[in-house]
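**Q** What follows is a structure written as structure tokens; I'll ask about it next.
Values in this text are rule-based calculations from the coordinates and carry no lab data. Predicted model only: the values in this text are computed from it and were never measured. As a convention, Cβ positions derive from the backbone with ideal geometry for all residues, glycine included, and neighbour counts pool all protein chains shown.
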Amino acid sequence: MINKGNILVVDDTHANLKLLMEILVAEGYQVQPADSGEIALASVVASLPELILLAICMPGMNGFEVLRRLKASDESHDIPIIFLSAVTEAEQRVEGLKLGAVDFISMPFQREELLARVRTHLELFQLRSRLARKAADLRRANEQLLIEIDKRKRHEEKLEYFAIHDALTGLLNRRSLEEMLNRTIARAKRGMVSSLLYIDLDNFKEVNDTVGHAAGDEVLNTLSDRLKSELRTEDVIFRVGGDEFAVLLEGMDSRESLLAAERLRVAVEAHPFELGGRTFCLSLSIGLIKIDGTLSTRVLLSQADAAMYRAKEQGKNRVVVA
């Protein structure tokens, strides 16, 4: 026979206890008997029932006290409790309901009434339990979904970040430079002249070959910070690739930008790099080009790059204007 539910029956009258058990077991319920309040509480701790039939009048701990203790426990708080009592006074029924009992069965009971009340409250409890489990499953699924959405969002943000930033230095990358140059050229056509510096770190290969690429990365990060410290807050610096950088000086004409380029060159020349117990005297070769709206982004970058290479050909550590 399929178990319809687990019921704890508590009554100090053995005849009542035996009769209740016989009826309930015959209907397919699993029944645990207890003939005192103390035994009932111990039984609940050992195995939680789905319904409790509880006599009010018992020696020692009466039904009201058992009910109070069951309702005070998180584990047994929600178990439905039906009082068994031969007492019909309204005040006792009210007190029991206030304490949390779900129903009363008057003793002596009628078999069909007993089974109807047991079935109703047991099915309600089982339904609430299933709903609670489903709600818990939904909460867990929702929490997991939120986590996945957050992980995916962070991943997308990271992808977006590295799409426009250099992974090593955190500076904007070449793609960002080209996009920003397009906007700067458009503003230049409306009258705002700007300048672009195209920079290469002289003798950088010596660092990588002598003390390794990790030290080379340290140099590039240090150089990035050093360049930023010599620029205005509105100036934008980019790592174009390898040891090549670019600086966009918006609203700055060729004369002012030449002074800015010299400031960067001197800042690097005057501060050698200490790495692995060795000193490396590095320098900058800089190509400078005016952005006046007459050249496209591709041509601007090409001419700035060519000016930088002319600086190298002329002995490095210098600024050449395109």
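**Q** Work through the residues other than Ser195 whose Cβ is under 14 Å from its Cβ and net out their charges, Lys, Arg +1 and Asp, Glu -1.
**A** Spelling it out: positives minus negatives among the neighbours equals -2.
**Q** So, in Å, what gap is there between the alpha-carbon centers of segment 49-84 and segment 114-169?
**A** Centre-to-centre (Cα) distance: 34 Å.
**Q** Turning to a different aspect of this structure: Quick one: which of Lys228/Lys316; Lys18/Lys134; Lys4/Lys71; Lys18/Lys71; Lys228/Lys312; Lys290/Lys316 span more than 28 angstrom between C-alpha atoms?
**A** The pairs that break the limit, which is 28 Å between Cα atoms, are Lys18/Lys134.
**Q** What percent do you get for the relative contact order of the chain when only Cα pairs under 8 Å and 6+ apart count?
**A** Normalised by residue count, the contact order of the chain is 13 percent.
**Q** As I understand it, the value is the acute angle between the Cα axis of helix 14-26 and the longest principal axis of the Cα atoms of the chain; what does it come to in degrees, rounded to 10?
**A** 60 degrees
**Q** Students often get this wrong, so try it: which of (1) 20.4; (2) 26.8; (3) 19.7 is Kirkwood radius over Cα pairs in Å as calculated from the structure shown?
**A** Structure-derived value, by its label: (2).
**Q** Quick one: helix 90-99 against the long Cα principal axis of the chain, what's the angle to the nearest 10°, folded into 0 to 90?
**A** 20 degrees
**Q** Please turn the phi angles of segment 174-180 into ³J(HN,Hα) values with the Karplus equation 6.51 cos²θ - 1.76 cosθ + 1.60 (θ = phi - 60°), one per residue in order, whole Hz, x for glycine and proline.
**A** 4, 4, 5, 4, 5, 5, 6
**Q** Against the longest alpha carbon principal axis of the chain, how many degrees, from 0 to 90 and to the nearest 10, is the axis of helix 254-269 turned?
**A** 80 degrees
**Q** Restricting to DSSP loop positions (anything but H, G, I, E, B) with no more than 13 other Cβ atoms inside 10 Å of their own Cβ, which trypsin sites (Lys or Arg not before Pro) remain in segment 226-322?
**A** Qualifying residues, ordered by number: Arg232.
**Q** Next question, about the same structure. With loop defined by DSSP as not H, G, I, E or B, and exposure as at most 13 other Cβ atoms within 10 Å, which is the longest segment of the chain clear of exposed GluC sites (Glu not before Pro)? Kindly include the intermediate steps, with their values, before the conclusion.
**A** Values: sites that count: Glu75, Glu89, Glu234.
With a cap of 13 other Cβ atoms within 10 Å, the longest stretch comes to 90-233.
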